Structures are given as C-alpha cells and as structure tokens.
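*Asks:* Got a structure for you, written out below as structure tokens; questions coming shortly.
The values are calculated or read from the model by the stated rules, or taken from the named source; none is laboratory data. Note that this is a predicted model, so its numbers are computed, not measured. All Cβ positions, even for glycine, are placed from backbone atoms using ideal geometry, and neighbour counts span all protein chains on display.
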Amino acid sequence: MYEGCTIYRFAGFTIYAADNRPFKTKRTREDALFLPSYINCTSYIVPSYIFLAIFRFFLAYLQKKAYLCTAKCVNTMKQAAIIVPEGCTRVLLHACCAPCSSAIVEWLLAHQIEPVIYYFNPNIYPQEEYEIRKNESKRHAEGLGIRWIDDDYRHDIWRESVCGLENEPERGRRCERCFRMRLDAAARKAQELGIPWFATTLASSRWKNLEQINAAGEAAEKALSSASDGERKVRFWAQNWRKDGLQERRNTLLKEYGFYNQQYCGCEFSIR
C-alpha cells in the first residue's frame, strides 16, 4: 500500500516507517507526519529516524517502569511483616533486657503466641549492672503474668569463652562467640522445657549484626539436634524483630514502663 515503507506491527498498531530518501509514493512528507484523514486510526506513516527515536523512547519508558516495579517489590519484601513459623504457639524468648523484650512480647501475645522469657546474659558487667537489667526484665514479665526464668550469671565462664578476643570491635568475632554461648543455652533450655521454638531479643537491636545473630541461633539449633537423637527437637525462629513497627513501639514502651535504659551493650569491652 505504501511503497518504499517498512511495516512494523506491535501493540495493536501498524506503523509504516519511510526511508530517509524522498517518498516514492505520491503523498508528501507533511501528509505523513500529520496523519492525514485517509489513514485509519491505527495506521501511521513516519520517517524511519522519527520512528526509531519514538521506539527507543518507548523502550526506555518500559525499562524505567520495570525498574521501579522491581525496586518496589524488593522494598516490600524487605519491609515484610513478621512471619510466624507454621504451628508455633509457644516460644522460649531469650531476653537481653526489658526494653528490647517489651515490644516483642506485646506482639507475641497479640498473635496468640505464648512467650517464656529466658534471662541468660553472663556477658553483662559489672554485676551491679547485671542485677539492674535482670530485675527490670523480671518486673516486666511479672507485670504481664508471663513465666520468667533466670539462669546463672557465670561471668567468669563468659570471659573464658571470649579469651583472646578482648580487642575485637563491636560486631566482631567476640560478639559472634557471645551470641553463640547465649543461644546454645537458650536452645538447651527450650528442649528441657519441651518448647519447640526459641528466639532472641538480640535481633531487635539496630546496633547488632542480624546475620551474626541468626547464624549463632541456627548453629545452636543444629548442634543440639546432632547431639540429641531421639529427643525433642527445637527450632530457631530467625527474625528481624525491628520489623512491623516494633522498633518504634519499643521506644514508646520504654517510656510507658519507665524502664532502665542502659547506655552500652553489656560487656566491659563494649563500654565506651
């Protein structure tokens, strides 16, 4: 129909792209550019260089839309709400302190999950500091009618476990060793009590490395499973407890309960 044109069809449109050479048809270039009435509404005739420019613009637009869609999906995944493991109705919650426990406990109770708080933090120094944090955690649990378990202080044993790592920075190998010691104990306590899941409030702190915490919890689960054939297995609930607004809620509850708010992580090496 249009001599000297290349025909392109996509998305319900038919486009006749003319050569850059003068039209071989009797129709003028102006007729082609301004879409004369004798061409139906889904057929267009344009010079090739204009068509290519439009086509490239169209592709760039699609690429941008695809990028924005992907970014939105990734962001949604990152901000996904807390995911409850299937069948979990009871969890042993290793608590590092009352402020970090408060929003997590509130969330668990609101979702019909019974928390048993396990306080085992031999890293805290000095002992006076340990007693203050322990008593705040106990006060919080008793106020909610939640079972609260206190384990031995044993700071000397903790010092032995991190021997040689005293000069490691925060989030370094000393923290990895510390997490592993506490979560090993939490896993054993969960098995002893017949609680199938254990978790830790350490994963609520923005000052801690979540990957280190999850690795320590998963290693504790694996070690216990290997050493206790035939006994009840326990699973580590790996979770970023800052999600779902819990970080903001923690700050609110800190004021509502009037909790003691420590100014350093716990061990003598974290005091700055």
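*Asks:* Going through region 227-257 one residue at a time, which ones are out of contact with any strand residue (DSSP E or B) (no Cβ under 9 Å at 6 or more places or on another chain) and in a loop (DSSP other than H, G, I, E, B)?
*Replies:* Ser228, Asp229, Gly230, Glu231, Arg232, Lys233, Asn240, Arg242, Lys243, Asp244, Gly245, listed by residue number.
*Asks:* Given the options Tyr264, Tyr260, name the one that is part of a loop (DSSP other than H, G, I, E, B), surrounded by 14 or more Cβ atoms within 10 Å (Cβ to Cβ), free of Cβ contacts under 8 Å to residues at least 12 places away in the same chain and on the phi < 0 side of the Ramachandran plot.
*Replies:* The match here is Tyr264.
*Asks:* Glu176: part of a loop (DSSP other than H, G, I, E, B) and free of Cβ contacts under 8 Å to residues at least 60 places away in the same chain, yes or no?
*Replies:* No, not satisfied.
*Asks:* When only residues in region 187-200 that are buried (at least 24 other Cβ atoms within 10 Å of the Cβ) and in contact with a helix residue (DSSP H, G or I) (Cβ under 7 Å, 6 or more places away or on another chain) count, which is farthest from Ile82 (Cα to Cα)?
*Replies:* Here the residue is Ala187.
*Asks:* While we're looking at this one, here's another question. Working only within region 110-158, note down all residues that are assigned to a loop (DSSP other than H, G, I, E, B) and either of a type in the set (Asp, Glu) or outside the structural domain of Thr200 (by TED's automatic domain parsing) (or both). Give the steps one after another, and end with the answer.
*Replies:* Keep residues of region 110-158 that are assigned to a loop (DSSP other than H, G, I, E, B), which gives 111-113, 120-126, 145-147, 151-154.
Within region 110-158, Asp151, Asp152 qualify.
*Asks:* A further question on this structure: For region 245-272, give me the residue count where each residue is closer than 30 Å to Glu160 by Cβ and either touching a Gly at 6+ places or on another chain (Cβ under 9 Å) or of a type in the set (Val, Ile, Thr) (or both).
*Replies:* Residues meeting the conditions: 1.
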